[in-house]
1. Filter segment 56-79 for residues that are more than 22 Å from Lys22 (Cβ to Cβ) and loosely packed, with under 12 Cβ neighbours inside 10 Å; which is modelled with the highest pLDDT?
2. Which pairs have Cβ atoms under 7 Å, sit 6 or more apart or on different chains, and link a residue in segment 8-19 that is within 6 Å of the ligand (Cβ to nearest atom) to one that is assigned to a loop (DSSP other than H, G, I, E, B) and open to solvent by less than 70 Å² (accessible area, probe 1.4 Å)?
3. Looking at Tyr4, Tyr31, Tyr48, which is the one that is more than 15 Å from the ligand (Cβ to nearest atom), at pLDDT below 95 and among the aromatic types (Phe, Trp, Tyr)?
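The values are calculated or read from the model by the stated rules, or taken from the named source; none is laboratory data. Quick caveat: nothing in here was measured; it's all calculated off a predicted structure. Methodologically, a virtual Cβ is constructed for each residue, glycine included, from the backbone with ideal geometry; neighbour enumeration extends over all protein chains shown. For accessibility, only protein heavy atoms count, side chains too; no ligands or nucleic acids. Shrake-Rupley method; radii C 1.70, N 1.55, O 1.52, S 1.80 Å.
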Amino acid sequence: MNEYTHILVAVDLTEESRVLAKKACALQKAYEAKLSCVHVIEPLSLTYGVDVPMDLSTVQEQIQETAKIQLREFAMELEIVTTDQHLIFGRPETEIDSLANQIAADLIVVGSHGRHGIALLFRSTVNGVLHGAPCDVLAVRVGI
Ligand code: AMP
């Protein structure tokens, strides 16, 4: 069976990423597909606006270092080689879709908290990913 050939798993590097790891691994085996992973670091200036009256560069560097280590650990468990591990700066939903396009992924795996109604308005990465995705998207239920 070879419906999907290149699966991209997007991880926020929280505990919930384990659920995604399991699912992505099962899919990769079932389809004998290539597996890539991505974590997007949101620049603090994007999160808090450009008018923060302090230098955030050291904090940003620390966040980047930690993310690099955690992504490497995540990737090692799934036997994803370095060249298929992607650490990117920007808005998660935009960057995930753009990377999927760039690496010709045919399935994006993301977590979904199953929020609905007004809760969805606050923030849902899966919603954003779905809107701009160049391929199929699998929303895996994580947490509540
Ligand atoms: P959220 O809607 O922000 O709770 O995130 C749901 C899912 O979107 C996560 O389980 C990940 O699959 C993906 N995601 C969220 N933030 C990021 C991020 N910074 N980098 C990569 N994927 C992310």
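1. Of everything passing the filter in segment 56-79, Glu65 is modelled with the highest pLDDT.
2. Listed pairs, sorted by first residue: Glu16/Val142; Glu16/Gly143.
3. It is Tyr48.
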